Amino acid sequence: MSNIPYHLGIIIDGNRRWAKKRGLQPSAGHKAGYKKLKEFAQWCWDAGIKILTVFVFSTENWKRSKKEIDFLMNLLYLAVTKELKEITRRNCQLRVIGRKSDLPKKLRQAVEKAEAATKNNKKGILNLAISYGGRQEITDALQKIINSRKKKKITPELISENLYTSGLPDPDLIIRTSGEQRLSNFLTWQSVYSELYFSPKLWPDFSRKDFEAVLKDYA
């Protein structure tokens, strides 16, 4: 297929509702979502997408129960350790965007190790947005500019250079699953010209056929 998005962003929404519909705990939904993300990343690389940015855990998600947060942090630790071999095999970089200082020490150290191990890989980039919020990203970018103590005229280019995604092109396409039709603080600055696709499917139910339909619609 021609006209594949170079940079794809996705809001993987619906894990908890998927579990609730089945009378399961939220953790079961997150496990299913984790499995789906592994499949989805493979679909993206197979399709020729070069950058994949996944909204995994927002700054607002810290308001959830400690039990759920602990489970998610352990799942994310698994993602950046267990999957590192496969990411390296595919010659892709793993990056985490968001407020890394908010993360538990064990996860933060694993992220640093994974980023360092993959930083020279050339074929693609997987961005995991963890403790991420678009408004917070812009706020942090402006604070970074102020802290530089250099007299600079504020321009869109200068702000872009100081975002978590500095150096990367803006997403061509953003998908959101679960039927919600909003971006919910995801890539607030970067999404101004992105194509948007809202799928009614809950994230664990999102299939390869659904993905191919999105690409066809985008093309």
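Coordinate-derived values only; no laboratory data. Note that this is a predicted model, so its numbers are computed, not measured. Cβ coordinates were reconstructed from backbone atoms using ideal geometry, including for glycine residues, and neighbour counts include every protein chain displayed.
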Within 10 Å of each candidate Cβ there may be at most 14 other Cβ atoms; applying that plus a DSSP loop requirement, which GluC sites (Glu not before Pro) in segment 98-191 survive? E180
Hey, what does the equivalent ellipsoid look like for segment 1-83, semi-axes from the Cα gyration tensor as sqrt of 5 times each eigenvalue, largest first, whole Å? 26, 14, 12
Which three semi-axes in whole Å describe the equivalent ellipsoid of the chain, each the square root of 5 times a Cα gyration tensor eigenvalue, listed largest first? 26, 21, 18
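For segment 121-194, compute the orientation-averaged projected area of the C-alpha convex hull (one quarter of its surface), in nm².
Working: hull surface 25.6 nm².
Taking a quarter of the hull surface, the average projection is 6.4 nm².
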Go through F186, G133, V80 and say which Cα lies farthest out towards the positive end of the charge dipole of the chain; charges sit on Cβ, +1 for Lys and Arg, -1 for Asp and Glu. V80
Within straight-line cross-link reach of K216, aspartates and glutamates at Cα separation under 20 Å, skipping those fewer than 8 residues along the same chain: E39, D46, D172, E195, D205
Relative contact order, percent, of the chain when contacts are C-alpha pairs under 8 Å separated by at least 6 residues? 29
Report the calculated FRET efficiency for L158 and V192 (r = Cβ-Cβ distance, R0 = 25 Å), to the nearest 0.05. 0.95
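Loop only by DSSP, 10 or fewer other Cβ within 10 Å of the Cβ. Give me the chymotrypsin sites (Phe, Trp or Tyr not before Pro) in segment 163-219 that pass, ordered by residue number.
When the chymotrypsin sites (Phe, Trp or Tyr not before Pro) of segment 163-219 are filtered for loop state and at most 10 Cβ neighbours within 10 Å, Y193 remain.
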Whole-Hz ³J(HN,Hα) from phi, Karplus 6.51 cos²θ - 1.76 cosθ + 1.60, for segment 166-177, glycine and proline x: 3, x, 9, x, 5, x, 7, 9, 10, 10, 10, 8
If each of N120 and N147 carries a label point 7 Å out from its Cα toward its Cβ, how far apart are those two points in nm? 2.9
Amide H contacts of L202 (H built 1.01 Å from N, under 5 Å, at least 5 apart or other chain): S178
HN-Hα couplings for segment 182-194 via Karplus (6.51, -1.76, 1.60; θ = phi - 60°), in whole Hz with x for Gly/Pro, come out as 7, 8, 6, 6, 9, 6, 4, 6, 7, 8, 4, 10, 6
Given K82/K209; K21/K122; K119/K152; K50/K105, the pairs whose alpha carbons are separated by over 32 Å: K21/K122
Please list the non-local residues whose amide H lies under 5 Å from the amide H of L173, H modeled 1.01 Å from N, same-chain partners needing a gap of 5 or more. H7, G9, E195
Quote the FRET efficiency, to the nearest 0.05, computed for K105 versus S166 with a Förster distance R0 of 35 Å and r equal to the Cβ-Cβ distance. 0.90
At K38 and R17, where each label point lies 7 Å from the Cα along Cα→Cβ, what is the point-to-point distance in nanometres? 2.6
If you take all C-alpha pairs in segment 167-210, what percent of them are over 17 Å apart? 36
Just grab the label-to-label distance for R90 and E68, each label 7 Å out from Cα along the Cβ direction, in nm (one decimal). 2.8
